[in-house]
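Shown next, in structure tokens, is the structure this report addresses.
Where a number appears in this text, it was derived from the coordinates with a stated rule and is not lab data. What you are looking at is a predicted structure, and each value in this text was computed from that prediction instead of being measured. Ideal geometry is used to build each Cβ from the backbone, glycine not excepted, and the neighbour counts take in all protein chains shown.
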Amino acid sequence: MPENEAPPAARRKSGDLLPRLVTALVLGPLLLAAAIVGPNLLVWLIVVVAALIGNLEYTRMTVANGRARLVRGVSAVGTVATLSLLYWVDPEAAVMAFAACLLGVMLAELATVRDPRHSAGRIGGGLSGFVYATVLFGSLLVLAQGEHPGETAPHQGGWFMFPMFVVWMGDTGAYFAGRAFGKRKLAPVVSPGKSWEGAAGGLVASVVGGYLCWWLLLDGAGVAAWHVLLFAVPGAILGQLGDLCESLIKRSTGFKDSGAILYGHGGMLDRVDALLFAAPWFVLVKSLLDLG
């Protein structure tokens, strides 16, 4: 390779930057506007559509093709039904839908099986896709939900966007810090491109993102300055672990991207894998601190 020629990985990263920025500049303001001025119906719709796509991407990677379509279909319908009941009806109804989907996935495999040697893998993929999409995307709905089902929460936009500011600012910071300073591999077996230096830069950027959201969108929500650190630091770490876990799933199943729905970002899960791991932490801290 010529001395002035960048390694293939470096060229690929550089080529990924423009489409990433285009996608972020288009979708970011739209998502922010929907969260701040849109009705709660719009927030619910955004989360449910994203969860449905995420479920289908996950089961595409983990459930064998062929006669597993019914398993994948039941898993996807279960995600939509559970999140809808959680947001619009009550948690008890959502628990019943959750249980029905767990049973439905296994019954779907039982009804279509031709080679039982692979049934455990298909059932496991369908169930894990359902749980992954429903519980983790559901955390975003809980953050934005009011005191009663379907109610628009005070500061709905701020709470909905809080983990996104933290995680996506961290993702951007990790990208640039890793390119500028990255030397020590973070997880070479799972994601060779990530470095400890990039992770540190991402953590700092996540904290900056948390304070930016606090200043812009959470005024009057009772969030103190030190609360932001409590949300952002563990949330950033969980987000980076979520990214690595999705990389692990893709490597184990032979997929480069979870999908191709987002220009420059691959699939839905490629864009929100970190966010989904961080969101439950934001729900927990908000509840423990009794913040509105």
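Put simply, the amide H of Ala187, placed in the peptide plane, has neighbours under 5 Å in Lys194, leaving out anything fewer than 5 places away on its chain. Ranking of Tyr58, Tyr132 by neighbouring Cβ atoms within 10 Å, starting from the fewest: Tyr132, Tyr58.
From its DSSP helices (H runs of at least four residues, each -39,500 (n - 2.57)), the chain gives a residue-normalised ellipticity at 222 nm of -26500 deg cm²/dmol. Distance between the 7 Å Cα→Cβ label points at Leu42 and Val204: 3.6 nm.
For the chain, the extents of the C-alpha atoms along the principal axes are 58, 56, 30 Å, listed from largest to smallest. In terms of the mean number of neighbouring beta-carbon atoms within 10 Å, the peptides 272-283, 239-250, 108-119 order highest first as 272-283, 239-250, 108-119. Computed extension gain for Thr253 through Asp115, at 0.36 nm per residue and net of the alpha carbon distance, reaches 47.7 nm. So which lysines pass the test for Lys194, namely a Cα distance under 18 Å, with those fewer than 8 places away in the same chain ruled out? Filter leaves Lys13, Lys183, Lys185, Lys250, Lys256.
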